[in-house]
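Report on the structure given below.
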């Protein structure tokens, strides 16, 4: 029996990571849970996000028998990753460390920026991750409340989005960074607007592809990779309205996400 890769996010943002994993590992099964019934996570207390993350991860293990968990949510990873690694019976990885490595590799002037939710930025997770990769890089961080909500509504362009993005990114834009890490998996959907605000000389770094490579490496090193030639099966779940998740999700993700099923919060806890 093929064990799937498990992945969760507060909503749609993690679909950028799912897309990268599916493209890189087409023979692997994947189960994705979007916690749209309780999003956004970025402005919630850390203890509450930790509880949500534990419920989602436990469900992936108990209900779907996953072989690895990908925390495809920067906010959840920033406050719950170590707890999940200590309590889950399968390997757990996040988008934070791969993203930090990628932005450090991209910089030329050794000054990089990261944008994320209030919860992610306040946690200091990216400060620690970048310092662990290269302590000589200067990191400028900015919280961007409101951007996730635009993506969750399917609004990824327009004057309103541009004005808010310009205001929120002012600290990193004025700091002279040459590389900007999109420290929330929702933000790649706003890459065109963010790129317009930051200008053509700033490299935008998404952690999605780097996370997919990290998943591949971990599966191979743990002898968990699927070796038989096959086409993977992908299942998507939502704690909110599955029909809405499938509709907006398919527009953001691609035609594979035409169906989504409901997921009940706390269903995996024993």
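The values are calculated or read from the model by the stated rules, or taken from the named source; none is laboratory data. Quick caveat: nothing in here was measured; it's all calculated off a predicted structure. Cβ coordinates were reconstructed from backbone atoms using ideal geometry, including for glycine residues, and neighbour counts include every protein chain displayed.
The helices (runs of 4 or more DSSP H) falling completely within the stretch 1-112 that include 2 or more residues that are free of Cβ contacts under 8 Å to residues at least 12 places away in the same chain map to 46-64, 74-87. Every listed requirement among (1) modelled with pLDDT of 95 or more; (2) buried (at least 19 other Cβ atoms within 10 Å of the Cβ) is met by residue 10 save one, (1).
Return yes when residue 205 is assigned to a helix (DSSP H, G or I), surrounded by 15 or more Cβ atoms within 10 Å (Cβ to Cβ), modelled with pLDDT of 90 or more and within 17 Å of the chain's Cα centre (by Cα) and no when it is not. No: the conditions fail for residue 205. Scanning the stretch 148-175 for residues that are over 17 Å from residue 103 (Cβ atoms), at pLDDT 95 or above and not in a loop (DSSP other than H, G, I, E, B) yields 159, 160, 161, 162, 163, 164, 165, 166, 167, 168, 170.
Within the stretch 65-80, the presence of a residue that is surrounded by fewer than 16 Cβ atoms within 10 Å (Cβ to Cβ) and at negative phi is excluded.
The rows are residues; the columns are (1) within 20 Å of residue 163 (Cα to Cα); (2) free of Cβ contacts under 8 Å to residues at least 40 places away in the same chain; (3) surrounded by fewer than 21 Cβ atoms within 10 Å (Cβ to Cβ); (4) not assigned by TED's automatic domain parsing to the domain that holds residue 39.
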{"residue": "185", "(1), (2), (3), (4)": "no, no, no, yes"}
{"residue": "201", "(1), (2), (3), (4)": "no, yes, yes, yes"}
{"residue": "214", "(1), (2), (3), (4)": "no, no, yes, no"}
{"residue": "224", "(1), (2), (3), (4)": "no, no, yes, no"}
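Considering the stretch 176-189, the residues that are part of a helix (DSSP H, G or I) and in contact with a helix residue (DSSP H, G or I) (Cβ under 6 Å, 6 or more places away or on another chain) include one that is nearest to residue 206 (Cα to Cα), namely 188.
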